[in-house]
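Accompanying notes for the structure given below.
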Amino acid sequence: MNTAMSGPKGARGRRFEGALDPVAAEMNASIEFDRRLLPHDVAGSIAHAEMLAAKGLITADDARAITEGLRRVEAQLVAGELPWEAALEDVHMNVEARLIDQIGDAGRRLHTGRSRNDQVATDLKLYTRASALRLIEAIDDLRRAFLAKARAHVDTLMPGYTHFQRAQPVRLAHHLLAYDAMLERDRGRIHDAAKRADVSPLGSGALAGTTLPIDREHVAAALGFAGVTRNSLDAVGDRDFAIELVAACALLQVHLSRLGEELVLWVSQELGFARIGEAYCSGSSLMPQKMNPDLAELLRAKSGRVVGDWVTLVTVVKGLPLAYNKDLQETQEPLYDAVETALASLAVARGMVASLEFDTAKLRAAIDSGYLLATELADYLVTKGVPFREAHDVAGAIVRGASAKGVELAALPLAELQAAHPRFEADISDWLDPARAVDRRDLPGGPARARVLAEIDRISRDLGVQPPA
Ligand code: ARG
């Protein structure tokens with residue numbers, strides 16, 4: 001059967017005589033990207049049809065024909081047995097027109113009490129909810145990769161940096177688990193965005209609900225929504241849930257870009273702290289010796305793209321009058337791009353972190369120059385009753401003296417320390433041992449061995465990871 005006869009070609013109906021101008025049709029159509037909504041569109045339509053039957057608005061036979069027809073159309077579209085048609089504008093019309101083609105009048109009853117406006121809002125909320133779940137799983141997979149590396153490097157010491165200047169020694173595990181702290185916040189933000197997507201817009205109609213006695217709660221429950229939206233004008237015009245999810249993805253990407261940057265630094269000949277597995281590196285077309293950290297660089301770059309998605313989205317919505325405006329169609333691509341980029345970035349980051357091999361000797365050696373234990377001198381004096389500002393001053397003078405002589409702190413004779421301050425005694429040598437210096441930082445959030453181990457336990461429980469036997 002010809003679609004133009006059997007159902008609306010596109011959604012314009014008989015109000016129109018002619019077709020859209022081809023360039024207008026091209027801009028108007030969303031099928032190239034909104035086909036991603038197919039499973040959600042079909043689930044929403046099945047829930048809607050079953051509710052229509054429960055309310056006596058269509059027969060049980062029609063509801064059954066619609067449900068079976070929708071499942072068949074979905075399978076045929078997925079298998080490529082039915083082509084996506086740009087002339088049918090969007091995913092909603094592609095599905096509905098094919099349903100009508102295949103089951104006739106029953107299919108013509110599906111859109112009873114519904115508009116594409118509440119339909120697309122519902123599809124997008126279902127997509128957002130499902131995407132949030134996938135993102136959370138991918139985040140947890142990356143966290144597991146960090147956790148495994150942290151477990152292997154509890155006793156690997158390395159310089160901690162501020163201003164990218166060697167600052168104080170830390171455990172490599174502590175450094176790696178800093179990423180867990182960021183990712184845990186990302187996870188929380190995504191979870192939170194999903195909560196706002198968890199209310200059903202169906203029944204809001206085009207903007208003002210419907211005169212027909214539909215049951216919104218019935219549809220919401222069938223789709224697993226926690227409830228229904230409270231205002232029909234808002235429900236069809238709201239894309240906050242997408243903006244929130246994309247904002248959470250943007251910040252996640254910013255964290256991954258910081259990881260990308262650290263990896264680039266770590267694998268440089270200048271630091272040589274780590275190696276990234278070959279599966280994540282590229283060569284140079286000109287220089288045979290090169291092993292470039294391309295994927296780390298791309299992780300660093302993708303943040304720009306997703307921050308751009310967020311800017312696009314929020315700018316599209318800004319200044320729109322209430323309810324549905326076609327502008328809202330433009331909120332879809334940035335949403336999909338952010339979700340897909342974040343999922344791909346998380347998968348790459350997970351593999352790359354798992355592939356890392358650290359040069360523990362180089363990390364350890366990097367602690368031995370640069371006066372990383374100067375703070376210990378000051379803290380030591382504080383324990384002997386010297387006011388911190390004075391102690392800080394004394395330690396600064398000692399560093400200056402050592403630096404002029406070109407020696408490290410541990411090489412200074414006790415007499416020289418005592419000349420700088422009489423409170424120095426022989427036990428200062430304990431304080432100038434890096435491992436002990438790290439373990440003295442024994443407070444919540446600190447790098448002491450016991451604290452890092454406790455943190456590894458907490459995160460393992462959180463992620464359902466069994467401790468090693
Ligand atoms: N493709 C459209 C979108 O994504 C579906 C809703 C169309 N509604 C309308 N009134 N034209 O926004």
Checklist line | Residues of region 313-329 classified as of a type outside the set (A, V, I, L, M) and within 16 Å of D118 (Cα to Cα), total | finding: 5
Notebook entry, point to check: Would you call Q76 surrounded by fewer than 19 Cβ atoms within 10 Å (Cβ to Cβ) and more than 16 Å from the ligand (Cβ to nearest atom)?
Noted result: yes
Next item on the list: Scan region 116-139 for residues that are surrounded by 23 or more Cβ atoms within 10 Å (Cβ to Cβ), small (G, A, S) and either within 11 Å of the ligand (Cβ to nearest atom) or closer than 15 Å to L38 by Cα (or both) and jot them down.
Entry: A121, S131
Note to self: Quick test for you: out of A178, A145, pick the one residue that is under 15 Å from L463 (Cα atoms) and assigned to a helix (DSSP H, G or I).
What the structure shows: A145
Note to self: If P83 meets every condition in (1) more than 26 Å from A197 (Cα to Cα); (2) touching a residue at least 12 places away in the same chain (Cβ under 8 Å) apart from one, which number is that one?
What the structure shows: (2)
Next item on the list: Would you confirm whether any residue within region 29-41 is more than 15 Å from E96 (Cβ to Cβ), modelled with pLDDT of 95 or more, charged (D, E, K, R) and within 16 Å of the ligand (Cβ to nearest atom)?
Entry: yes
Next item on the list: Mind listing whichever residues of region 208-223 are free of Cβ contacts under 8 Å to residues at least 40 places away in the same chain and either part of a helix (DSSP H, G or I) or of a type in the set (G, A, S) (or both)?
Entry: A208, G209, R216, E217, A220, A221
Check: What pairs come up if the first residue lies in region 319-343 and is over 18 Å from L207 (Cα atoms), the second is near the ligand (Cβ under 10 Å from one of its atoms) and in a helix (DSSP H, G or I), and their beta carbons are under 6 Å apart, counting only those six or more places apart or on different chains?
Finding: Q332/F33; Q332/D34; E333/F33
Next item on the list: Taking the residues in region 217-239 that are surrounded by 21 or more Cβ atoms within 10 Å (Cβ to Cβ) and touching a strand residue (DSSP E or B) at 6+ places or on another chain (Cβ under 7 Å) as candidates, determine which candidate is nearest to T112 (Cα to Cα).
Entry: V219
Checklist line | Residues of region 160-171 satisfying the condition of being in a strand (DSSP E or B) and within 29 Å of the chain's Cα centre (by Cα) | finding: G160, Y161, T162, V170, R171
Check: Just checking, how many residues over region 93-115 are under 19 Å from F225 (Cβ atoms) and within 13 Å of the ligand (Cβ to nearest atom)?
Finding: 2
Next item on the list: Would you check if D215 is in contact with a helix residue (DSSP H, G or I) (Cβ under 9 Å, 6 or more places away or on another chain), at pLDDT 95 or above and away from the ligand (no atom under 16 Å from the Cβ)?
Entry: yes
Note to self: I'm checking my understanding of the structure. Among residues of region 86-107 that are surrounded by 24 or more Cβ atoms within 10 Å (Cβ to Cβ) and among the small types (G, A, S), which one is nearest to F33 (Cα to Cα)?
What the structure shows: A97
Notebook entry, point to check: Would it be correct to say that G464 is more than 23 Å from L157 (Cα to Cα), surrounded by fewer than 16 Cβ atoms within 10 Å (Cβ to Cβ) and of a type outside the set (A, V, I, L, M, F, W, C)?
Noted result: yes
Note to self: Could you list, ordered by first residue, the pairs with Cβ atoms under 8 Å in which the first is in region 226-239 and farther than 12 Å from S200 by Cα and the second is among the aromatic types (F, W, Y), at least 6 apart or interchain?
What the structure shows: G237/Y324
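The values are calculated or read from the model by the stated rules, or taken from the named source; none is laboratory data. All of these numbers come straight from a predicted model, not from anything done at the bench. Don't worry about glycine lacking a Cβ; one is built from the backbone with ideal geometry, like all the others, and counts go over all protein chains shown.
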